[in-house]
1. Name every residue in segment 45-72 that is at pLDDT 80 or above and in a loop (DSSP other than H, G, I, E, B), in order of residue number.
2. Tell me, yes or no, whether segment 123-139 has at least one residue that is outside any loop (DSSP other than H, G, I, E, B), within 21 Å of G293 (Cα to Cα) and open to solvent by less than 50 Å² (accessible area, probe 1.4 Å).
3. With touching an Asp or Glu at 6+ places or on another chain (Cβ under 7 Å) and either at pLDDT below 95 or outside any loop (DSSP other than H, G, I, E, B) (or both) as the only criterion, which of G251, G230, G215 stands out?
4. Of everything in segment 248-262, what is open to solvent by less than 20 Å² (accessible area, probe 1.4 Å) and either in contact with a His (Cβ under 7 Å, 6 or more places away or on another chain) or hydrophobic (A, V, I, L, M, F, W, C) (or both)? Give them in sequence order.
5. Identify, by number, the condition in (1) outside any loop (DSSP other than H, G, I, E, B); (2) farther than 25 Å from I275 by Cβ; (3) of a type in the set (A, V, I, L, M, F, W, C) that I116 doesn't meet.
6. Output the number of residues of segment 17-38 satisfying the condition of being open to solvent by less than 50 Å² (accessible area, probe 1.4 Å), of a type in the set (G, A, S) and modelled with pLDDT under 90.
7. Under 19 Å from the mean Cα position of the chain (by Cα), of a type in the set (D, E, K, R) and either assigned by TED's automatic domain parsing to the domain that holds A87 or over 24 Å from R177 (Cα atoms) (or both): which single residue out of R310, R297, R306 fits that description?
8. Going by the conditions given, is L269 of a type outside the set (S, T, N, Q) and either surrounded by 18 or more Cβ atoms within 10 Å (Cβ to Cβ) or at pLDDT below 95 (or both)?
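The values are calculated or read from the model by the stated rules, or taken from the named source; none is laboratory data. In this text, all values refer to a predicted model and were calculated from it rather than measured experimentally. Quick reminder, even Gly has a Cβ in these numbers, built from the backbone with ideal geometry, and neighbours come from all protein chains shown. Calculation scope for accessible area: heavy atoms of the full protein, side chains included, ligands and nucleic acids excluded. Shrake-Rupley method; radii C 1.70, N 1.55, O 1.52, S 1.80 Å.
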Amino acid sequence: MASIKDVAAAAGVSVATVSRVLNDHPSVSPDARTRVLAAVERLGYRPNAVARSLRTDQTRTLGLVISDVLNPYFTELARSVEEEARALGYSVIIGNADERPDLQDHHVRTLLDRRIDGLLVSPTDGGSPLMLDAARAGTPMVFVDRWIPGLDVPVVRADGRSAVRDLVAHLHGLGHRRLAIIAGPAATTTGSERVEAFREAMAEYGIPLPDAYIGQGDFQAESGRRVTEGFLGLDEPPEVVFAADNLMALGALDAVRARGLRVPHDIALAAFDDIPWFVHTDPPITAIAQPTGELGRAAVRALVDRIEGRPPRSVTLAARLVVRRSCGEDPNPPQSPSPVRRSTP
């Protein structure tokens, strides 16, 4: 493997000149720069990134801590983050918190120890002392999707309130009146915000939301299955289950099918966080879609602005309702042998 001394000898310059060229220093003549770059290419020389980071105090590396790598939403988010970071000259190290605050803090601590230049986080809760300390110490940081209220950290997220209202309006228009929600963790901003938006939209349309129709989930499939089993066991089950994320929706679908029931003929199903799989389920699931790719790209740009001394800004994008066929949109549904009783308008 070629060394920096080999490059200097091949280019007929000093080692210091090679170093200045590699660090894009303006004091090098065009002729010397051309010879050095030609020698680098000819010899296949690759600078030692660790040694360079010790000299420049930068590693050109970003940390990304996502809430659940098994969630297709976060998988897509991570991909867009990595692509945008690479385009801007940064690498990304990813940590999976698995919706656990202790794992989140483990990854944050590890990434900070590795001297990353900045950190992207989708917090699993709002009470992590490590996260609070890192933010207050001036660590370049951006929250994506979720955030910790009260911290002066840019947030890149989607506003789902309007889309939730559109969903409730859609369900109301289809004649549904008994609507239930599988909520995400109250300790997360997305968990609490989606329940609040659902409750407000229900009130706007004069639809009651009894406590029995609010089930507590954790953004993972098993909780969606458990909560839906509880809904189906009620004397008056809901006509619609709205899952506040995609994995809980898949768990809900499993619970419905385990009872021998069909969506939407026996009970309707909708979800927050659209994913490509929802087109291929039977029936395709009506869902609220977030602009996931753009969220990831905007988060990287905001973080790089912060790292490189430009003022970062928070970004809020709009989510949207994607209507499919899981809520009774089909105008000619087959008769079900055991439908859930519908209430009158």
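1. Y45, T59, R60, S67, D68, V69, L70, N71
2. Within segment 123-139, none of the residues are outside any loop (DSSP other than H, G, I, E, B), within 21 Å of G293 (Cα to Cα) and open to solvent by less than 50 Å² (accessible area, probe 1.4 Å).
3. Residue meeting the stated conditions: G251.
4. Across segment 248-262, the qualifying residues are M248, A249, A252, L253, A255, V256.
5. All conditions pass for I116, except number (1).
6. Residues flagged as open to solvent by less than 50 Å² (accessible area, probe 1.4 Å), of a type in the set (G, A, S) and modelled with pLDDT under 90 within segment 17-38 amount to 1.
7. Exactly one of R310, R297, R306 is under 19 Å from the mean Cα position of the chain (by Cα), of a type in the set (D, E, K, R) and either assigned by TED's automatic domain parsing to the domain that holds A87 or over 24 Å from R177 (Cα atoms) (or both), namely R297.
8. When the stated conditions are applied, L269 passes them.
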